[in-house]
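Everything below concerns the one structure shown next.
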Amino acid sequence: MKTSVDRVSYYQELLSNSSYFKLVCGAGNEDANEVKQLTYIYTLAGCNGFDVSASPRIVTACMEGIDNAIKISNRIFSPITNRPIITVSVGMPGDHHVRKAFITDSCIKCNLCIPSCPTDAITNSLDILENLCIGCGNCESACPSSINAINYKHDFKELKQVLPQCVLAGAESIELHAGVPNDETTLEEWLTVCDSLPHGMLSMCLDRYHMSNVHLLERIQMAHKYAGERLIIQADGIPISGSKNDFNSTLQAISIADIINKELKLKDRKFRKLPILISGGTNMHTGNLARQFKVPFSGIAIGTHARKIVKEHLSSIVIGEENVALHHAVNAANELIENNLRGIKNNQNKPNNSLLELFE
Ligand code: SF4
Ligand code: SF4
C-alpha cells in the first residue's frame, strides 16, 4: 500500500517526465454514472489522472470507476500498476468552469440551444439540468444574439466543508479555476485550497480571458508564494473549447504554456521546475503541436474532446463486463493519450500546410 508521500512523489515523477495525462470529467459534471464510466474507460486506456467535480459523491464514483477498471484489467487488458491521481476542481465566481446556465424570460423558444449542448443538459421543455451543465457557453452562442435568453449563476460550494470530505473520499489533489481578474478574492480561495490539503499537489488553472500576460505571471507568483513546490499551473488556452479536433482549436493552449515557459520558467530559477499542464482546447493534436513548436509541458489535460470520442459507446458499456463497445472506447481513449504524450508513428499528426502558413 503506497503512502500519501509515495503518491505525491509518483505524481511529481509523472509531471517531470512529461507523462501525465488527465481526463477532465468536468468541474460542473455531477452525473455520477457518467463519471464512473469515463474513469473506468480511461483507467483501462492508461490515463494516470482524473479531474472531477468537488463533491464526495462524485469522488466516490471516480474511485469506483478506477477500482472496477483495475479488477477487469487483470483479465483482459494490461494490468494497472498505479492508480490514477484524483483531482477535485473548484472555482472562483465568474470562472466558466464553475458556472451553471439558466434560461431567462427573454427566451423565444426557438430550441436552437438544445442540440448545441455537449452534455444533453437542455431538455425539450427548455429546462437546464444543473448536474449536467458544465458551463461551456455553447447554448449562449447558439441563442439568437440580441435577446440574452441564457444567463449564468455560480455553482457555489462551501469549500472549507466540502474539500476535506472530498479528500476523505479519495481526492489527492485540488485545483482552483482562477480565470478571474480579482487577486484579493482569488488569494482568499487559494489559501483555503492550500489549507485543505497541506501535503498534496495543488493546481491553479489560469487563462487569459481577463488577464494580460503580466497579470498571469503575477498570479502564478502569488500562487507559488503559498503552495511552493506543490504548485502545478494548468495553462488553459480557451476554457472548455475542445469540441473541434484541429490544430487551430488547440493553438491558444500551446500559446499560454509558451508564455509561462519563456517569461517565467526560463527567467527565474525559482520556477524552473514548475509543472505546466496544457488544457483548454486540447485535442488529438495538442502534444504534437507543442512538440512541433518546442513548447515543453509536464502533462496534458483534456475534457470536451476526450469525453466526446467515447460518448457513443457509453450506453453499451456495462461496468465489469467485456464487450465490443468497451474495446472501441478503450482504444479511442488510448490513442488520444498515446498521441498526446508520445506522438504516433508515421507522422500522421504532422501539422498541415495551412497551419504552417499561419505561422509564416
Ligand atoms: S451548452 Fe454548456 S453552458 Fe449550455 S446548458 Fe449545455 S453544458 Fe451548460
Ligand atoms: S436558443 Fe435561446 S431563445 Fe432559443 S430556445 Fe434556447 S434559450 Fe430560448
Cβ pairs under 6 Å, 6+ apart, first in the range 147-164 and under 12 Å from Ala54 (Cβ atoms), second assigned to a helix (DSSP H, G or I) and of a type outside the set (S, T, N, Q): Asp155/Val98
Name the single residue that is farthest from Ile85 (Cα to Cα) among those in the range 180-210 being touching a strand residue (DSSP E or B) at 6+ places or on another chain (Cβ under 6 Å) and assigned to a loop (DSSP other than H, G, I, E, B). Asp207
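Could you check how many residues of the range 14-30 are farther than 13 Å from Ala329 by Cβ, modelled with pLDDT of 95 or more and not β-branched (Val, Ile, Thr)?
Total satisfying the criteria: 10.
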Residue tally, condition more than 13 Å from Lys157 (Cβ to Cβ) and part of a loop (DSSP other than H, G, I, E, B), over the range 50-72: 0
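Does Ile238 meet the test of being touching an Asp or Glu at 6+ places or on another chain (Cβ under 8 Å), assigned by TED's automatic domain parsing to the domain that holds Ala27 and over 30 Å from Val8 (Cβ atoms)?
Working: touching an Asp or Glu at 6+ places or on another chain (Cβ under 8 Å): yes; assigned by TED's automatic domain parsing to the domain that holds Ala27: yes; over 30 Å from Val8 (Cβ atoms): yes.
Yes; evaluated as a whole, the condition is true for this residue.
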From the list Asp236, Asp268, Asp258, Asp246, which residue is closer than 18 Å to His97 by Cβ and charged (D, E, K, R)? Asp236
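Would it be correct to say that Met284 is surrounded by fewer than 22 Cβ atoms within 10 Å (Cβ to Cβ) and either on the phi > 0 side of the Ramachandran plot or not in a helix (DSSP H, G or I) (or both)? Break it down stepwise before answering.
Details: surrounded by fewer than 22 Cβ atoms within 10 Å (Cβ to Cβ): no; either on the phi > 0 side of the Ramachandran plot or not in a helix (DSSP H, G or I) (or both): yes.
No, not satisfied.
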Here, strands (runs of 3 or more DSSP E) confined to the range 73-161 with at least 1 residues that are buried (at least 16 other Cβ atoms within 10 Å of the Cβ), outside the structural domain of Ala45 (by TED's automatic domain parsing) and within 16 Å of ligand 2 (Cβ to nearest atom) are 99-103, 150-154
Lone qualifier among Asn148, Asn131 - being more than 8 Å from ligand 1 (Cβ to nearest atom) and farther than 18 Å from Asn29 by Cα: Asn148
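The values are calculated or read from the model by the stated rules, or taken from the named source; none is laboratory data. Only a predicted model underlies this, so the values are computations on that prediction, with no experimental measurement involved. Every residue, glycine as well, gets a Cβ built from its backbone with ideal geometry; the counts of neighbours run over all protein chains shown.
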